[in-house]
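Asks: Mind having a look at this structure? Questions to follow.
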């Protein structure tokens, strides 16, 4: 009875997840936001699982995916960055690049540049080739007046995702604007 109930619950959660629409939201000046990532696989024993070295169950994976999508909508649809930070931290995947990047983005939008920087660096520690983090961190650099650093970030994106990627085009466009225009990205 217990196994069949778990299978039924897992099937319902999976069906709900697959039926959920992809969120077509845009960040101001940030281009298309990243699509919510797939949940970690049940074979994933990397540092990104909730408990280091332990496999996650299908229910935990679905819980993560649903929670990430909710936080994603909180950021890009409702612009409630403080609530999104709480939602993302509650997922228990702080060191996952997608999660850390969105926490950094939210802190940047709230004007807390020190915490934002720490979270961007945490994301890049997990995935040095995370183009979206290089983009958002490059926008952070522009807001701080560090245009040379932003150019470095742009070059990293070119090497990772190419010059036709949305991340590259967004950061390049921001760098083309004159310094001190007061634009928020």
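Asks: Condition first: at pLDDT 95 or above and over 23 Å from residue 61 (Cβ atoms). Can you find one or more residues in the range 85-102 that meet it?
Replies: The answer is no, given that none of the residues of the range 85-102 is at pLDDT 95 or above and over 23 Å from residue 61 (Cβ atoms).
Asks: Further question: Can you name the number of the only condition in (1) exposed (fewer than 12 other Cβ atoms within 10 Å of the Cβ); (2) at pLDDT 55 or above; (3) closer than 29 Å to residue 172 by Cα that residue 7 fails?
Replies: (3)
The values are calculated or read from the model by the stated rules, or taken from the named source; none is laboratory data. Just so you know, these numbers come straight off a predicted model, no measurement behind them. As a convention, Cβ positions derive from the backbone with ideal geometry for all residues, glycine included, and neighbour counts pool all protein chains shown.
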